[in-house]
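Colleague: Can you read through this structure? Questions will come right after.
Bear in mind that the values in this text are calculations on the coordinates, not laboratory data. No experiment lies behind these values; they were computed from the predicted model shown. Don't worry about glycine lacking a Cβ; one is built from the backbone with ideal geometry, like all the others, and counts go over all protein chains shown.
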Amino acid sequence: MQIRRMTEKDLDQVLIIEQQIFPDPWSRKSFEYEVTQNAFGIPLLLEKAGDIIGYAIVWRVYEEFHIANFAIKPEYQGKKIGTQFLESILSLRGSCKFALLEVRESNDRAIGLYEKFGFKTILKRPRYYRNGETALVMQKIFSETPQTVNK
Ligand SMILES: CC(C)(COP(=O)(O)OP(=O)(O)OC[C@H]1O[C@@H](n2cnc3c(N)ncnc32)[C@H](O)[C@@H]1OP(=O)(O)O)[C@@H](O)C(=O)NCCC(=O)NCCS
């Protein structure tokens, strides 16, 4: 498996996965902004033999490492690929002091994964999602800076 930066050329495939997976999928415009403009953004793709099997959008904003979008293609879920990908993503934290993300309260698998990495729920945002669901805001405080930082 390989991780590389997402580009505009990848967006057709990314959007197919995004729409398959999420009830409130990000728009093409949102992804376009991430790959072309967001100076704080790191848009990432996970590939296997040239196929996209996952992606993530993270924002490194001063002390905060925000995981804004994170997905594994449905047929590859539940095979520990998300675990490996999240580990690689977190190694890009640079000098950030903590990671932060929002997750649906019902998303047991994602919550289980984040808890495995030491994320804790620090607050809840009721009716955060369009269907009225509550978001958990989860945080992981970094105790040390990684040795290698690749962007
Ligand atoms: C969430 C997601 C990224 C996880 O990736 P994955 O490759 O499926 O996850 P893994 O196989 O690495 O499993 C990771 C951990 O999830 C947890 N987990 C899995 N199923 C679980 C369940 N039913 N309940 C609780 N925890 C569960 C376990 O801790 C597991 O680790 P373990 O097997 O070592 O115990 C992926 O399932 C996905 O893309 N889901 C849809 C999109 C999404 O929800 N993204 C996150 C938005 S915040």
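Colleague: Short version: ³J(HN,Hα) in whole Hz for each residue of segment 95-112, in order, from phi by Karplus 6.51 cos²θ - 1.76 cosθ + 1.60 (θ = phi - 60°), x for Gly and Pro, what are they?
Modeller: In residue order, the calculated couplings are 9, 4, 8, 7, 9, 9, 7, 10, 9, 4, 4, 8, 8, 4, 5, 5, 4, x Hz.
Colleague: Full extension from Phe40 to Gln20: what is 0.36 nm times the residue separation minus their Cα-Cα distance, to one decimal in nm?
Modeller: Taking Phe40 through Gln20 to full extension adds about 4.5 nm, to one decimal.
Colleague: How far apart, in nm, are two points set 7 Å out from the Cα along the Cα-to-Cβ line at Ile52 and at Thr134?
Modeller: Placing both labels 7 Å along Cα→Cβ, they lie 3.4 nm apart.
Colleague: Report, by chain and number, residues whose modeled amide H sits under 5 Å from the one on Gly54, excluding near sequence neighbours (fewer than 5 apart, same chain).
Modeller: Amide H to amide H, under 5 Å and 5 or more residues apart or across chains, Gly54 pairs with Leu46, Lys73.
Colleague: Would you kindly derive the ³J(HN,Hα) couplings of segment 10-20 from the backbone phi angles with the Karplus curve 6.51 cos²θ - 1.76 cosθ + 1.60 (θ = phi - 60°), listing them in order in whole Hz, with x for Gly and Pro?
Modeller: Those phi angles translate into 8, 5, 4, 5, 4, 5, 4, 5, 3, 6, 5 Hz.
Colleague: For n ≥ 4 DSSP H runs only, could you compute -39500 (n - 2.57) per run for the chain, divide by its residues and tell me the 222 nm figure to the nearest 500?
Modeller: -7500 deg cm²/dmol
Colleague: At a threshold of 8 angstrom on Cα-Cα distance, excluding pairs fewer than six apart, so keeping six or more, what relative contact order does the chain reach in percent?
Modeller: For the chain, the relative contact order is 18 percent.
Colleague: Here is a further query. Whole-Hz Karplus ³J(HN,Hα) for segment 34-41, in order, using 6.51 cos²θ - 1.76 cosθ + 1.60 and θ = phi - 60°, x for Gly and Pro?
Modeller: With the stated coefficients, segment 34-41 comes to 5, 7, 10, 10, 5, 5, 8, x Hz.
Colleague: Could you give the size of the charge dipole of the chain about its Cα centre, using +1 on the Cβ of each K and R and -1 on the Cβ of each D and E, expressed in debye and rounded to the nearest 20?
Modeller: Dipole size: approximately 260 debye.
Colleague: For Lys79, go through the lysines and keep the ones whose alpha-carbon is under 28 Å away, minus same-chain ones fewer than eight residues off.
Modeller: Lys9, Lys48, Lys116, Lys120, Lys140, Lys151
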